[in-house]
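All remarks here apply to the structure that follows.
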Amino acid sequence: MSRFDISSLEAIIAERARSGDPDSWTARLLEGGMEKAAQKLGEEAVETVIAAVSGNRKAIVSESADLLYHWLVVLALAGIPLDEVMAELESRTGRSGVAEKAARVRSSDKRRG
C-alpha cells in the first residue's frame, strides 16, 4: 500500500495551484477564489452528512474524500498550512472535549459582555 496521507494531498494541491493548468480542477478552483472554494466545501459537507445519515458506506468514503480535498483548498486560499490546524488539534488532546468547549463558550461570553 502506498504512503498517501492528507499532507500528500496538501502538497499536490500546492503543486497544482502553481501549475496554472486550465485542465486542472484544483487550479481552476483556486483561481475562482475563496467564495467558490468555500461554497464547494459547504456542498461537500452537506453531501457527507447525507451519506452518513443514509448509512451508505461507499458514499461516506467518497464524500469524505471530497470534503477533505475542498477543505484543504480553502486552507490553501487562506494561507493556512495543514500543520497549523494539526497543532491546534494536538493542543486539544490533553484536555476533555467537554471542558475545552465550555472554556470557549465562557471566553465568547466575556467578549460579548
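The values are calculated or read from the model by the stated rules, or taken from the named source; none is laboratory data. This is a predicted model, so every value here is computed, not measured. With ideal geometry, Cβ positions are generated from the backbone for all residues, glycine too; neighbour counts draw on all protein chains shown. Only protein heavy atoms, including side chains, enter the accessible area calculation; ligands, DNA and RNA are left aside. Shrake-Rupley method; radii C 1.70, N 1.55, O 1.52, S 1.80 Å.
Miscellaneous remarks
- Highest average first, the peptides 17-27, 58-68 ordered by how many other beta carbon atoms sit within 10 Å of their residues are 58-68, 17-27.
- Sequence-distant lysines (8 or more away, or on other chains) whose Cα lies within less than 28 Å of K58: K36, K40
- Efficiency of FRET from Cβ geometry, R111 and Q39, R₀ 25 Å, rounded to 0.05: 0.30
- Per-pair calculated FRET efficiency, R0 = 22 Å: I50 and D83 via Cβ, rounded to 0.05: 0.10
- Residue-by-residue Karplus 3J(HN,Hα) for the range 107-112, coefficients 6.51, -1.76, 1.60, Hz, glycine and proline x: 5, 5, 5, 5, 5, 6
- Whole-Hz couplings from phi, Karplus 6.51/-1.76/1.60, listed for the range 37-50; x for Gly and Pro: 5, 5, 4, 5, 4, x, 4, 5, 5, 4, 5, 5, 4, 4
- Shown here for the range 62-113: trypsin sites (Lys or Arg not before Pro) in loop regions (DSSP other than H, G, I, E, B) with at most 16 other Cβ atoms within 10 Å, namely R95.
- Surface exposure of the chain, expressed per residue as accessible area with a 1.4 Å probe, stands at 72 Å².
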